[in-house]
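The values are calculated or read from the model by the stated rules, or taken from the named source; none is laboratory data. Keep in mind it's a predicted model, so treat the numbers as computed, not measured. Glycine gets a Cβ as well: all are built from the backbone with ideal geometry, and neighbour counts include every protein chain shown. Calculation scope for accessible area: heavy atoms of the full protein, side chains included, ligands and nucleic acids excluded. Shrake-Rupley method; radii C 1.70, N 1.55, O 1.52, S 1.80 Å.
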There are 2 protein chains.
Amino acid sequence: MSDTDVKQPVPQDFDALRSAILERKGELPKRLTQVAAYALDHPDEIAFGTAASIAISAAVQPSTLVRFAQHFGFDGFSGLQLLFRARLRERTSSYEERLRTLEQDGASLAESTTIFNGFVAAAHRSIDAIAAAVEPDAFERAVTLLAKADTIYLIAKRRSYPISSYMAYAFGKLKVRCQLVGTSAGIDDDMLAMATSKDAAFAISFSPYASESAAQARMMASRGIPVVSLTDSAFSPLAECSTEWFEVVEADHAGFRSLSASMAFAMALTVSIAEKRRRG
Amino acid sequence: MSDTDVKQPVPQDFDALRSAILERKGELPKRLTQVAAYALDHPDEIAFGTAASIAISAAVQPSTLVRFAQHFGFDGFSGLQLLFRARLRERTSSYEERLRTLEQDGASLAESTTIFNGFVAAAHRSIDAIAAAVEPDAFERAVTLLAKADTIYLIAKRRSYPISSYMAYAFGKLKVRCQLVGTSAGIDDDMLAMATSKDAAFAISFSPYASESAAQARMMASRGIPVVSLTDSAFSPLAECSTEWFEVVEADHAGFRSLSASMAFAMALTVSIAEKRRRG
DNA sequence: CCGTCTATGGAATGAACATTCCATATTGAC
DNA sequence: GTCAATATGGAATGTTCATTCCATAGACGG
């Protein structure tokens, strides 16, 4: 059983595997070279296929795939396949990598440091996610919609309230009329009742969705007032009653989410609206 | 076998499936709704996972996943999974394409897109900056200081208020007693007057510094109450009266700053404090 | 040219998995 | 409140799949 070369450590990520393959391709027997070439040329096939389907496609036996994986220190083919799948999943996580190297340096970091690094990485990931998820056209439509509104009603409760309150602050500085809804109990509905179809609303709500926010957004929509919203799922009650809606998936650290990505989005929206107005 | 609704054709690609799910989500029974929400929120999991692992993650039975697939006309779960895999294959290209538009801000892009990209980039820079600027030891000291406080007073006005209000929300969830200062005019000083040296304060202020915040922080400090602060310059009035202070330089886009980095910092601090308390 | 050692193909095996089935719970109509 | 219809949980089932095993082919050294 000299199959598993003990000298080489088992590759932990796709890049390591790739290097290992390139490095050792000279000393591999014929069929394994064939597999190596196929693997690097068709990584997606490896990620999605089954051993049998890949074997056919690469013109080898399934057992050869297993042997190939074992040559590089894996338990079997499945272990190797995980790396190919992780590659598709992660795509963006150079941040996680940086974080991992940070944590290797000092063996015993204070817990607070780990938490801090976790939130930093989560923030990066969240921002990448929203950058990829927001369609420029939809964003432009939302900006147009809100820019021509007489008054912009900002609907947000609880966790999303800090975002709307910052938007209200910024709108104030930018001389854009807006009305912050959700501050003191009771007067919200009275304020919203004054809205006309010349106005518009921007609603923010994350799971678990505050029922008032959804109800208020629905009410606005039913009165013909355009509603733009920011939420975290296509299943959000906001999604169905909004003229335009955007999905932001804040990455979490240990179950807690910061609002980093939402804040960036909110500011981009706010400034874009002001800019569009300024230009006429 | 009225499971497979013959009215609906079997979705042939992910978008068709997505539309079908959103369209019919109202008429789905409870567990199937749960699966529907999970599927749209975690498409990658569906693509790679096994029925068993997905079932656990979505808190349903494997059989429910099969039934869900059959409700939408598929033979079984596997048929549905193929669509999620195909999506992942195609997405990777368009996804990277989107991220590439972040770099170019040619005239061809809508202004709102340029602004959006600008804030995304600024957020990344800000977070990198704070990750580099915060010293783990100082952070740990700040956490310790605040964790042993009886009540944490959160001092913030105007631009920094969204941060403290989110912290107050999170502290509430985490059962950490805190007092949000700066909300309604007048009672602030009365609230702060009740603070004792067993308490602590966390102050946030950015240029141009609200004079009240600085005054309140100074007052607390002079009464022997530990003050931790987050500000944007060593010359900030907060820096000189704080036991520990941290500098966050939010990168700006066209003169406007989002609060992305401050939010990440605030959440890290909040969670660290709660965690330290929980441990004794 | 023979023996040994490694590589390979293909069948056998056993594990993982999707799917089905049935008993129970829940919902809705009368 | 009762009954029917539908939804759900969980175990049983049968299939697909990765893996192992073994017989044979090929390479290499003597």
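So here's what we get for this one:
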item	result
Helices (runs of 4 or more DSSP H) lying entirely in segment B:21-86 (those with 3 or more residues that are more than 12 Å from DNA strand C (Cβ to nearest atom))	B:30-41
The lone exception for A:ASP252 - which of (1) more than 22 Å from B:PHE265 (Cα to Cα); (2) surrounded by fewer than 23 Cβ atoms within 10 Å (Cβ to Cβ); (3) more than 8 Å from chain B (Cβ to nearest Cβ) it fails	(1)
Candidate set from segment B:156-214 (those that are of a type in the set (Lys, Arg) and open to solvent by less than 60 Å² (accessible area, probe 1.4 Å)); member that is nearest to A:ARG257 (Cα to Cα)	B:ARG159
Matching residues, segment A:255-264, being facing chain B (nearest Cβ under 7 Å) and open to solvent by less than 10 Å² (accessible area, probe 1.4 Å)	A:SER258, A:LEU259, A:SER260, A:MET263, A:ALA264
From the options A:LEU17, A:LEU32, residue that is away from DNA strand D (no atom under 13 Å from the Cβ), open to solvent by less than 20 Å² (accessible area, probe 1.4 Å) and within 29 Å of B:ARG87 (Cα to Cα)	A:LEU17
Single residue of B:PHE206, B:PHE235, B:PHE246 found to be within 14 Å of chain A (Cβ to nearest Cβ) and over 19 Å from B:PHE139 (Cβ atoms)	B:PHE206
Flag for A:MET194 being more than 13 Å from chain B (Cβ to nearest Cβ), without any contact (Cβ under 8 Å) to a residue 24 or more places away in the chain and more than 19 Å from A:ALA131 (Cα to Cα)	yes
Any hit, segment A:126-139, residues being of a type outside the set (A, V, I, L, M, F, W, C), more than 9 Å from chain B (Cβ to nearest Cβ) and open to solvent by 10 Å² or more (accessible area, probe 1.4 Å)	no
Selection status of A:GLU212, modelled with pLDDT under 90 and within 14 Å of chain B (Cβ to nearest Cβ)	no
